[in-house]
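Scroll down for the structure; my scribbles are underneath it.
The numbers here are math on the coordinates, done by the rules we state, and not lab data. Quick caveat, the model's predicted, so the values are computed rather than measured. No Cβ is skipped: glycine too gets one built from the backbone with ideal geometry, and neighbour counts run over all protein chains shown.
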Amino acid sequence: MARVRIYSTRWCGYCVRAKGLLDAKGIEYEEVFLDDDPTFRQKLFDLTGGWTVPQILIDGQPIGGYTELWRLDRDGCLAERLARGRSRAGSRALVGAAGFVSAWIS
């Protein structure tokens, strides 16, 4: 199964929707909270090319935000993309802003 990472904030409605979709599908993910990092938008842009949250990566490749995740699922491509991912056990992990830089570069 592919590694899924979602960069989010606690106040973002689209982040809640993206996590809800992943949870409903039983897809494990690592969540990186950016609430406590005032410079997160620039770091997020440098990493993903997007300024907004959520930003979702599958095996380190940015796919975009909630709308792009929803479209992949709607079109039947999400399961396919995840199946192509690395075969490894994942877990849903919560990472605070302090761990953002290490998560950002790994």
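What are the residues whose amide H is under 5 Å from the amide H of residue 30, where those residues sit 5 or more places off or on another chain and H is modelled from the backbone?
Those lying under 5 Å, H to H, from residue 30 are 4, 5, 6, 93.
What ³J(HN,Hα) values, in whole Hz, does the Karplus curve 6.51 cos²θ - 1.76 cosθ + 1.60 give for region 68-82 when θ = phi - 60°, with x put for Gly and Pro?
Coupling constants for region 68-82: 5, 4, 4, 5, 4, 5, 4, 7, x, 8, 5, 4, 4, 5, 5 Hz.
Which residues' amide hydrogens lie under 5 Å from the amide hydrogen of residue 55, considering only partners 5 or more residues apart or on another chain, with H built in the peptide plane?
7
With θ taken as phi - 60° and the coefficients 6.51, -1.76 and 1.60, list the Karplus ³J(HN,Hα) couplings across region 43-49 in order, rounded to whole Hz; mark glycine and proline as x.
Once rounded to whole Hz, the list reads 4, 5, 4, 4, 7, 10, x.
Return 7, 66, 14, 29 ranked ascending by Cβ neighbour count within 10 Å, so the fewest neighbours appear first.
Starting with the residue having the fewest Cβ neighbours, the order is 14, 29, 66, 7.
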